[in-house]
Amino acid sequence: MSQSWPYYVIGIVGLTVTVFATRSSFFMLPARYQLPPWLESLMRYAPACALVAVIAPGILVPGGHVDVGWGNHQLVAAVASAAVFVRWRNMLATITVGLLVFTALRLWA
Amino acid sequence: MQRTSTRGLFPPMERSAFREGVRVMAPMGLPVAVWGLVTGAVMVNAGLSVPIALQMSVMMYAGSAQLATLPLLVAGAPLPVVWATSLVVNLRFVIFAAASRRAFVHLPWQQRLIAGYLNGDLGFALFTQRFRNATEHGNPEQWGYFFGMNTFNWAAWQVSSIVGILLGNIVPEEWGLGLASYLALLAVLIPMVRGMPAVAGTVVAAVVSVAAHDLPLRSGLLVAVAAGVTVAMATEKWRHRVQAVAA
C-alpha cells in the first residue's frame, strides 16, 4: 500500500460520514426545513460535474500528459463504451465492450 | 401517519410488501453485482489492502463515491479534499432524501438514519414510482417495500464487492481495471446529463478538470466542479429568462 493504514482508516471513516450526511440529511431534519430551489439546482448539477471531473482526467491524461487523439486507447475505449451504454443501458455490456476495445488496441494497434 | 415504537433498527413492515420489494429489485441483482464486482476488484487493483478495501465497501456502500475518491486516496491527497469530493458526488442523495422524507420523518431517529443510508439511486427511483399516487405517507406497507428493495440491494452489493475484493489481486494490471472504474462511472454519469444546463456544466467541468489536472493537492477536481456548477446554474437562469420573455 502506498499510504499508511491510519490515513486510509481515518479517510474512510470520514467518507462514511459524508455518505450519512447526504443520504440521511433530510430524514433527520424536522419537516419545517425545506430544500430551497437554488440549493436543489446546485445539488442536481454538482454530482455530474464531479463525476466528469474524475472521469475526464482519468481518461484524457494517461501517464500525466493530456492526450485527446486516436492514439489514446483509453479514449477510444471510453467512446465505444459510452455508445454501448446510450444504446442498451446495460452496465455489463458497457464495461465489457470498453475493456475489449482497450485490450484489442493494446495488443494490435 | 403512525408513531411507532422507539426501539429497534427497523420500523414495522408488512411481510407481503417486503417480498414485493425484493421481487422488484431482484432483476437489478445482476447489474448491481457487476458494479459491485468491478468496484471491489478496482479498489484492490489500485493498491488498497484487502482489509482496507473491505472497510471501504462495508462502511460506505456508495459505489460512485468509492470509485471517485479511490485515485485520490491512492495518491495520498489531503483528506479534506478526499472528503469534499465524496460529499459533492453524494449531493444527489440530499435531493433524494428531501423528496422521499415524508414516509420516514415520524420514525425514531435511528430508523431514519438507517433508512437514509440505504436510500440509494435505484431504490429511490423505484420507491418514488411505486408510491407516487399515495395519499398516506409512512405506513408498514411502504416501509416493507422500501426495506425489501434496499436490503436486497445492499446484500447484492456487499457480496459482489467482497468477491471482487478477493479476486482483485488475481486480475493482471494490463487488463485495464483502472479504465473499468471510469467506464462504470460513465454509466452513472450519462443518465444524469439531461437538459442544456447539465450538458453545459459537465462540458465545462470536463475541460477545467483536464486543464487543472496538475494543480497542487489534487484540487483540480473541486475547481472543475465549482466552474461546472456555476455554468449550469447560469444556463438554467438564462433559460428561464428566455422562456419568460417568450411567454
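The values are calculated or read from the model by the stated rules, or taken from the named source; none is laboratory data. Since the structure is predicted, the reported quantities are computational estimates derived from the model, not experimental observations. So basically every Cβ, Gly included, is an ideal-geometry build from the backbone, and we count neighbours across all protein chains shown.
Note on the stretch A:1-88: enclosed helices (runs of 4 or more DSSP H) holding 2 or more residues that are farther than 23 Å from B:ALA198 by Cβ and more than 8 Å from chain B (Cβ to nearest Cβ) are A:73-88. Counting just the residues of the stretch B:160-178 that are away from chain A (no Cβ under 14 Å) and in contact (Cβ under 8 Å) with a residue 24 or more places away in the chain, which one comes out nearest to the chain's Cα centre (by Cα)? Restricting to residues being away from chain A (no Cβ under 14 Å) and in contact (Cβ under 8 Å) with a residue 24 or more places away in the chain, the top hit is B:ILE162. Scanning the stretch B:114-158 for residues that are polar (S, T, N, Q) and buried (at least 16 other Cβ atoms within 10 Å of the Cβ) returns B:ASN119, B:ASN139, B:GLN142, B:ASN150, B:THR151, B:ASN153, B:GLN158.
With the structure loaded, tell me whether B:ARG101 is farther than 30 Å from B:VAL223 by Cβ and either touching an Asp or Glu at 6+ places or on another chain (Cβ under 7 Å) or facing another protein chain (nearest Cβ under 7 Å) (or both) or whether it fails that test. Here the answer is yes, as B:ARG101 does meet what is asked. Check the stretch B:38-56 and report whether any residue there is facing another protein chain (nearest Cβ under 8 Å), within 19 Å of the chain's Cα centre (by Cα), modelled with pLDDT of 90 or more and surrounded by fewer than 24 Cβ atoms within 10 Å (Cβ to Cβ). Yes, the conditions are met somewhere in the stretch B:38-56.
Residue-wise test of (1) farther than 21 Å from B:GLN66 by Cβ; (2) at the interface with chain A (Cβ under 7 Å from one of its Cβ atoms).
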{"position": "B:ALA180", "(1), (2)": "no, yes"}
{"position": "B:LEU185", "(1), (2)": "no, yes"}
{"position": "B:PRO191", "(1), (2)": "no, no"}
{"position": "B:MET196", "(1), (2)": "yes, no"}
{"position": "B:GLY201", "(1), (2)": "yes, yes"}
{"position": "B:VAL204", "(1), (2)": "yes, no"}
{"position": "B:VAL208", "(1), (2)": "yes, no"}
{"position": "B:ALA212", "(1), (2)": "yes, no"}
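Of the listed requirements (1) on the phi < 0 side of the Ramachandran plot; (2) surrounded by fewer than 19 Cβ atoms within 10 Å (Cβ to Cβ); (3) free of Cβ contacts under 8 Å to residues at least 24 places away in the same chain; (4) not basic (Lys, Arg), B:VAL82 misses just one: (2). Among (1) within 7 Å of chain A (Cβ to nearest Cβ); (2) at pLDDT below 95, where does B:TRP83 come up short? Of the numbered conditions (1) within 7 Å of chain A (Cβ to nearest Cβ); (2) at pLDDT below 95, the odd one out for B:TRP83 is (2).
Listed here are the residues, each with its yes/no results for (1) touching a residue at least 40 places away in the same chain (Cβ under 8 Å); (2) under 18 Å from A:THR18 (Cβ atoms).
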site	(1), (2)
B:PHE124	no, yes
B:ARG132	no, no
B:GLN142	yes, no
B:PHE147	yes, no
B:GLN158	yes, no
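Close contacts from the stretch A:23-45, counting a first residue that is at pLDDT 90 or above and a second that is not in a helix (DSSP H, G or I), with Cβ to Cβ under 6 Å and a gap of 6+ residues or different chains, come to A:ARG23/B:ASN119; A:PHE27/B:PHE104.
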